[in-house]
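Worksheet for the structure shown next.
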Amino acid sequence: MSARPAASRRTVLRGVALAPVAGLGLTACGRVEDKPAALTEPVELGAETEVAAGSARLYPDHNVVVSRAEDGTLTAHSTICTHARCPANKLDGTRLICPCHGSEFDVTTGKATREPAVAPLDRLTVEVKDGTIVAAPEA
């Protein structure tokens, strides 16, 4: 019968460091209850002039992104990633990037363009009231 090798100091210390979080209900992406909720009521985002034709603007305080087509039509989506419910917080043109796992979305359509997310972003209603962009959950 051969003897098992002794655990290295590094292995023991790593186990000690991880032990306090072992029973906290964590997943690889964090606790579900810590993830932001989707928009539940209408919110005023900003002036209509903040979103130029052919561009998009991120409203991170409300987890909303608004894009404007060349014809002036506004579209809004939730920025909550459909993969792990992280708030996507980087906008590169009309490409929204989630920091958690690298999912990407086309904000003009909401379509997932890079995995791991495959489902589109939640679409929101958007209108302009007295020069202010207002987004709300779809009814």
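The values are calculated or read from the model by the stated rules, or taken from the named source; none is laboratory data. Keep in mind the model is a prediction, meaning the values are calculated, not measured. Neighbour counts run over all protein chains shown; Cβ positions are idealised from the backbone, glycine included. Heavy atoms of the whole protein, side chains included, go into the accessibility calculation; ligands, DNA and RNA do not. Shrake-Rupley method; radii C 1.70, N 1.55, O 1.52, S 1.80 Å.
Things worth noting here:
- Exactly one residue among Thr109, Thr40, Thr113 is at pLDDT 95 or above, among the hydroxyl-bearing types (Ser, Thr, Tyr), open to solvent by 30 Å² or more (accessible area, probe 1.4 Å) and assigned to a loop (DSSP other than H, G, I, E, B), and that residue is Thr109.
- Listed conditions (1) free of Cβ contacts under 8 Å to residues at least 60 places away in the same chain; (2) on the phi > 0 side of the Ramachandran plot; (3) open to solvent by less than 40 Å² (accessible area, probe 1.4 Å); (4) not aromatic (Phe, Trp, Tyr) are all met by Gly93, apart from (3).
- Segment 78-90 - residue that is under 23 Å from Gly54 (Cβ atoms), modelled with pLDDT of 95 or more and of a type outside the set (Gly, Ala, Ser) and, of those, most open to solvent (accessible area, probe 1.4 Å): Lys90
- Search result, residues across segment 44-65 that are farther than 19 Å from Arg85 by Cβ, open to solvent by less than 30 Å² (accessible area, probe 1.4 Å) and in a strand (DSSP E or B): Leu45, Gly46, Ala56
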